[in-house]
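The values are calculated or read from the model by the stated rules, or taken from the named source; none is laboratory data. What you are looking at is a predicted structure, and each value in this text was computed from that prediction instead of being measured. With ideal geometry, Cβ positions are generated from the backbone for all residues, glycine too; neighbour counts draw on all protein chains shown. Surface accessibility is based on the protein's heavy atoms, side chains included, excluding ligands, DNA and RNA. Shrake-Rupley method; radii C 1.70, N 1.55, O 1.52, S 1.80 Å.
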Amino acid sequence: QVQLVESGGGLVQPGGSLRLSCTASGIIFKHYMMAWYRQAPGKQREWVAMITTSDSTLYQDFVKGRFTISRDNEKNTLDLQMNNLQVEDTALYYCRNMGSGSWGQGTQVIVSS
């Protein structure tokens, strides 16, 4: 059974940084593309960043240059370094295993002054 557990969310001021982490179990992590999604209040869930099994990355334009996705196949972890956070980045952030389609429970990010 695939299990994904996110952590690292919190309250940060505009311009600040946070690092999210997702720990995976129940899968051979290195075999799967992974992604971060987010869902803001009243909006649909949207993908933010993806990373392939060969560490190629893809970002939505609204986070390019500010967010960095990375993975550690030894630790079965997926990270999202978020810099220069803006109010519009406020959302519940989820990691997703793109092979099984499994989701974590999410971690809340609030950007507010």
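In segment 98-113, the qualifying residues are those that are assigned to a strand (DSSP E or B) and in contact with a Gly (Cβ under 9 Å, 6 or more places away or on another chain), and the one that is nearest to V2 (Cα to Cα) is T107. With the requirement that a residue be over 9 Å from the mean Cα position of the chain (by Cα) and either crowded, with 17+ Cβ neighbours inside 10 Å or polar (S, T, N, Q) (or both), what does segment 48-63 give you? Correct list: I51, T52, T53, S54, S56, T57, Y59, Q60, V63. Scanning segment 55-72 for residues that are hydrophobic (A, V, I, L, M, F, W, C) and within 18 Å of R19 (Cβ to Cβ) returns V63, F67, I69.
The set of residues from segment 69-93 being open to solvent by 60 Å² or more (accessible area, probe 1.4 Å) and under 11 Å from the mean Cα position of the chain (by Cα) is empty. Looking at this structure, is I110 open to solvent by 50 Å² or more (accessible area, probe 1.4 Å) and at pLDDT below 95? The answer is no for I110.
Here the condition is being touching a Lys or Arg at 6+ places or on another chain (Cβ under 9 Å) and open to solvent by less than 80 Å² (accessible area, probe 1.4 Å); of R38, R66, R96, R45, it holds for R38 alone. If the condition is being farther than 18 Å from C95 by Cα and loosely packed, with under 15 Cβ neighbours inside 10 Å, then segment 1-15 contributes L11, Q13, P14, G15.
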